[in-house]
Number of protein chains: 2
Amino acid sequence: MPDPARIYTTKSDYAYDRVRKMILEGHLAPGQVLNQASLATEIGISTTPLREALRRLKGEGLVELDAHRDGRVSPLSAEEARDLLEIRRSLDPLAAALAAERRTKADIAEMRSAHEGLEPLPGDPSYDQLLHHRRFHAAIYFASHNDILISTLEELWNKADRYRRMALQVERGQAARDQKAHEHQSLLDCIISGNVEGAATVMREHIDTSLGAHAAWRLKQQTDES
Amino acid sequence: MPDPARIYTTKSDYAYDRVRKMILEGHLAPGQVLNQASLATEIGISTTPLREALRRLKGEGLVELDAHRDGRVSPLSAEEARDLLEIRRSLDPLAAALAAERRTKADIAEMRSAHEGLEPLPGDPSYDQLLHHRRFHAAIYFASHNDILISTLEELWNKADRYRRMALQVERGQAARDQKAHEHQSLLDCIISGNVEGAATVMREHIDTSLGAHAAWRLKQQTDES
DNA sequence: TTCAAGGTTATAGCGTACAGAACCCACCTC
DNA sequence: GAGGTGGGTTCTGTACGCTATAACCTTGAA
């Protein structure tokens with residue numbers, strides 16, 4: 001556990017990171033009730049900065065918070081999975097296209113470095129593996145040089161992460177994982193060579209066959225059955 | 001001035017609405033320093049709920065807030081105007097297409113009602129006129145039945161509003177305003193008749209020739225000159 | 001006996017006031 | 001003129017009191 005005073009400029013930021021990580025890693029399960037007092041003592045701060053963090057997470061849709069009601073971690077739903085997919089299907093290709101247009105030498109270096117040793121996620125991936133995967137996509141976002149697009153996509157990524165984890169509970173075949181690796185490679189090639197159309201097309205394909213798409217499909221099945 | 005206790009469930013929400021409105025209406029100018037203590041007394045609350053509101057506005061990009069530094073209203077910039085346009089050019093057509101696919105009878109009624117008496121914005125528009133215009137577009141967003149897309153677009157709209165205001169300082173010709181009215185009409189027609197492709201196309205056109213686009217162009221000129 | 005409705009109490013979130021910490025600026029010294 | 005130090009200002013965090021909600025219990029009627 002890092003020392004809050006050393007790394008973060010405010011305890012509010014620290015609380016935000018801690019709680020967010022707890023939600024994304026599943027230590028706080030979807031639907032779980034959040035007691036502000038006990039959460040605050042667990043993190044080691046008082047309730048005011050925690051509240052600010054929770055409000056921020058509410059803004060990002062990770063927690064539900066009504067006045068004078070106990071807050072809870074937002075539950076997963078087939079609708080949200082579908083919603084996320086529809087937007088990312090539109091914005092991720094945009095980011096890839098813009099990246100192919102505007103990438104600098106530094107961007108290319110970062111994308112190459114993030115791609116280095118990147119392997120398709122196994123079932124039950126480590127936090128580091130998820131981070132590595134994210135870093136590659138974040139590098140593409142960054143190369144778009146559109147700040148609002150970057151932060152929007154980062155937020156969508158956070159929301160999607162919980163669905164990704166869910167999809168990874170079912171082991172994928174080697175063929176599917178090879179396919180993902182191939183897509184990462186051609187994504188990189190297209191962006192570096194300035195192939196705007198190609199980058200967008202590959203990215204759209206990448207999203208359509210992504211873990212999030214699998215999760216959306218599975219959740220829809222569950223909903224339709226019941 | 002509304003009584004906070006009566007309308008809002010928390011003072012934090014009240015403060016958020018008040019400050020946001022002050023920024024969007026220009027009572028707090030871009031770049032202006034925000035003193036928490038005086039802002040709080042002006043609104044009639046203490047600093048804690050105000051701080052929560054400011055943090056929320058920071059998340060939406062309307063204020064800049066660093067640790068232990070004085071906060072300020074985010075300045076306008078050519079980059080942000082361009083960034084906004086690029087994303088809206090992608091997401092607004094998506095919303096229109098989804099709306100054409102999923103609109104319910106209630107959606108159609110609301111879109112029709114919002115379109116009723118809608119007139120292209122004059123120079124120096126009233127708050128009500130801006131609201132009416134927004135209501136029409138919000139009705140389209142809503143008909144997409146994608147909650148994340150709706151909230152994302154609402155946020156982008158807020159950010160874009162300040163640029164819209166800027167563009168309206170230059171009076172538009174009657175031809176341009178007639179064109180906008182025509183676009184609103186065919187947007188409505190396409191969505192109601194379920195013309196998915198058409199709705200997306202008209203919306204893209206609508207964005208490309210929007211006030212935000214004019215503002216982006218003007219800001220770019222200014223930057224290039226200096 | 002069971003269910004429903006109203007009131008009361010307990011619990012947990014919200015708001016205020018104040019104390020603490022960090023930053024900025026002015027002033028002084030070298 | 002440049003660098004450092006001190007005071008003042010403003011933001012951040014804590015503690016506590018307030019208020020709203022919800023759960024439980026009692027009471028009455030079916």
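Would you confirm whether or not region B:185-198 contains a residue that is crowded, with 17+ Cβ neighbours inside 10 Å, outside the structural domain of B:G31 (by TED's automatic domain parsing), of a type in the set (A, V, I, L, M, F, W, C) and under 30 Å from B:R56 (Cβ atoms)?
Within region B:185-198, not a single residue is crowded, with 17+ Cβ neighbours inside 10 Å, outside the structural domain of B:G31 (by TED's automatic domain parsing), of a type in the set (A, V, I, L, M, F, W, C) and under 30 Å from B:R56 (Cβ atoms).
A:H27 versus (1) more than 23 Å from the chain's Cα centre (by Cα); (2) surrounded by fewer than 13 Cβ atoms within 10 Å (Cβ to Cβ); (3) at pLDDT below 95: which is the lone unmet condition?
(1)
Suppose we filter B:T223, B:T201 for residues that are open to solvent by 80 Å² or more (accessible area, probe 1.4 Å), assigned to a helix (DSSP H, G or I) and not acidic (D, E); which single one remains?
Working: B:T223 fails: open to solvent by 80 Å² or more (accessible area, probe 1.4 Å).
Every option except B:T201 fails the conditions.
For region B:123-133, indicate whether the set of residues that are of a type in the set (D, E, K, R) and more than 25 Å from B:G198 (Cα to Cα) is non-empty. Step through it out loud before you land on a result.
Looking only at region B:123-133, we keep the residues that are of a type in the set (D, E, K, R), and these are B:124, B:128.
With the extra rule that they be more than 25 Å from B:G198 (Cα to Cα), the set shrinks to B:124, B:128.
There is at least one residue in region B:123-133 that is of a type in the set (D, E, K, R) and more than 25 Å from B:G198 (Cα to Cα).
Out of the residues in region A:62-80 meeting the condition of being within 21 Å of B:Y8 (Cβ to Cβ) and touching a residue at least 12 places away in the same chain (Cβ under 8 Å), tell me which one is surrounded by the most Cβ atoms within 10 Å (Cβ to Cβ).
Let us first name the residues in region A:62-80 that are within 21 Å of B:Y8 (Cβ to Cβ), namely A:63-71.
Add one more test, that the residue is touching a residue at least 12 places away in the same chain (Cβ under 8 Å), and what stays is A:63, A:70-71.
On the way: A:V63: 22, A:D70: 11, A:G71: 20.
Only one residue tops the list, namely A:V63.
Residues to consider are B:I87, B:I43; find the one that is open to solvent by less than 40 Å² (accessible area, probe 1.4 Å), within 16 Å of DNA strand C (Cβ to nearest atom) and not hydroxyl-bearing (S, T, Y). Break it down stepwise before answering.
Working: B:I87 fails: within 16 Å of DNA strand C (Cβ to nearest atom).
Being open to solvent by less than 40 Å² (accessible area, probe 1.4 Å), within 16 Å of DNA strand C (Cβ to nearest atom) and not hydroxyl-bearing (S, T, Y) holds for just one of B:I87, B:I43, which is B:I43.
With the structure loaded, tell me whether B:R164 is open to solvent by less than 60 Å² (accessible area, probe 1.4 Å), more than 16 Å from B:A200 (Cα to Cα) and not in a helix (DSSP H, G or I) or whether it fails that test. Talk me through it step by step, then tell me what you get.
Values: open to solvent by less than 60 Å² (accessible area, probe 1.4 Å): yes; more than 16 Å from B:A200 (Cα to Cα): yes; not in a helix (DSSP H, G or I): no.
So B:R164 fails the test.
Among the residues of region A:175-189, is any at pLDDT below 95, touching a Lys or Arg at 6+ places or on another chain (Cβ under 9 Å) and within 14 Å of chain B (Cβ to nearest Cβ)?
Among the residues of region A:175-189, not one is at pLDDT below 95, touching a Lys or Arg at 6+ places or on another chain (Cβ under 9 Å) and within 14 Å of chain B (Cβ to nearest Cβ), which makes the answer no.
For every residue, the table says whether it meets (1) closer than 23 Å to A:I148 by Cβ; (2) within 16 Å of DNA strand D (Cβ to nearest atom).
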| position | (1), (2) |
| --- | --- |
| B:V19 | yes, yes |
| B:L39 | no, yes |
| B:I43 | no, yes |
| B:A53 | yes, yes |
| B:V63 | yes, yes |
| B:R89 | yes, no |
| B:H115 | no, no |
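From (1) touching a helix residue (DSSP H, G or I) at 6+ places or on another chain (Cβ under 7 Å); (2) open to solvent by 20 Å² or more (accessible area, probe 1.4 Å), pick out the condition that doesn't hold for A:S38.
(1)
Do you know which residues across region B:64-80 are more than 10 Å from chain A (Cβ to nearest Cβ) and more than 16 Å from DNA strand C (Cβ to nearest atom)?
Residues satisfying the conditions are B:V73, B:S74, B:P75, B:L76, B:A78.
Of everything in region A:131-160, what is away from chain B (no Cβ under 14 Å) and open to solvent by 20 Å² or more (accessible area, probe 1.4 Å)? Give them in sequence order.
A:L131, A:H132, A:H133, A:R134, A:R135, A:A138
Quick check on my filter: what residues within region A:118-143 are in a helix (DSSP H, G or I) and either under 20 Å from A:A106 (Cβ atoms) or in contact with a strand residue (DSSP E or B) (Cβ under 9 Å, 6 or more places away or on another chain) (or both)?
Result: A:H132, A:R134, A:R135, A:F136, A:H137, A:A138, A:A139, A:I140, A:Y141, A:F142, A:A143.
Report, by residue number, each residue of region B:167-184 that is exposed (fewer than 15 other Cβ atoms within 10 Å of the Cβ), among the hydrophobic types (A, V, I, L, M, F, W, C) and under 20 Å from the mean Cα position of the chain (by Cα). Show your work before the answer.
Filtering region B:167-184 for residues exposed (fewer than 15 other Cβ atoms within 10 Å of the Cβ) gives B:169-171, B:173-176, B:178, B:181-182.
Retained after the next criterion (residues that are among the hydrophobic types (A, V, I, L, M, F, W, C)): B:170, B:175-176, B:181.
Scanning region B:167-184 gives B:V170, B:A181.
Any residue in region B:149-169 that is among the hydroxyl-bearing types (S, T, Y) and in contact (Cβ under 8 Å) with a residue 40 or more places away in the chain?
Step one: filter region B:149-169 for residues among the hydroxyl-bearing types (S, T, Y), giving B:151-152, B:163.
Pick out the ones that are also in contact (Cβ under 8 Å) with a residue 40 or more places away in the chain and you get B:152, B:163.
Checked against the condition, which is being among the hydroxyl-bearing types (S, T, Y) and in contact (Cβ under 8 Å) with a residue 40 or more places away in the chain, region B:149-169 yields at least one hit.
Just a yes or no: is a residue in region A:6-29 in contact with a Ser or Thr (Cβ under 9 Å, 6 or more places away or on another chain), within 12 Å of DNA strand C (Cβ to nearest atom), outside the structural domain of A:G194 (by TED's automatic domain parsing) and over 22 Å from A:E155 (Cα atoms)?
Looking for residues that are in contact with a Ser or Thr (Cβ under 9 Å, 6 or more places away or on another chain), within 12 Å of DNA strand C (Cβ to nearest atom), outside the structural domain of A:G194 (by TED's automatic domain parsing) and over 22 Å from A:E155 (Cα atoms), one finds none in region A:6-29, hence no.
For region B:92-125, which positions are charged (D, E, K, R), away from chain A (no Cβ under 14 Å) and surrounded by fewer than 18 Cβ atoms within 10 Å (Cβ to Cβ)?
Our first condition is that a residue be charged (D, E, K, R); within region B:92-125, this holds for B:92, B:101-103, B:105, B:107, B:110, B:112, B:116, B:119, B:124.
From what is left, the residues that are away from chain A (no Cβ under 14 Å) are B:103, B:105, B:107, B:110, B:112, B:116, B:119, B:124.
Selection gives B:K105, B:R112, B:E116, B:E119, B:D124.
Looking at (1) under 19 Å from A:T152 (Cβ atoms); (2) in contact with a helix residue (DSSP H, G or I) (Cβ under 8 Å, 6 or more places away or on another chain); (3) within 13 Å of chain A (Cβ to nearest Cβ), which one does B:K58 not meet, given that it meets all the others?
The failed condition is (2).
The values are calculated or read from the model by the stated rules, or taken from the named source; none is laboratory data. Values in this document were obtained by computation on a predicted structure and should not be read as measured data. Because the Cβ atoms are built from the backbone with ideal geometry, glycine has one as well, and the counts that use them run over all protein chains shown. Side chains included, ligands, DNA and RNA excluded: accessible areas come from the protein's heavy atoms. Shrake-Rupley method; radii C 1.70, N 1.55, O 1.52, S 1.80 Å.
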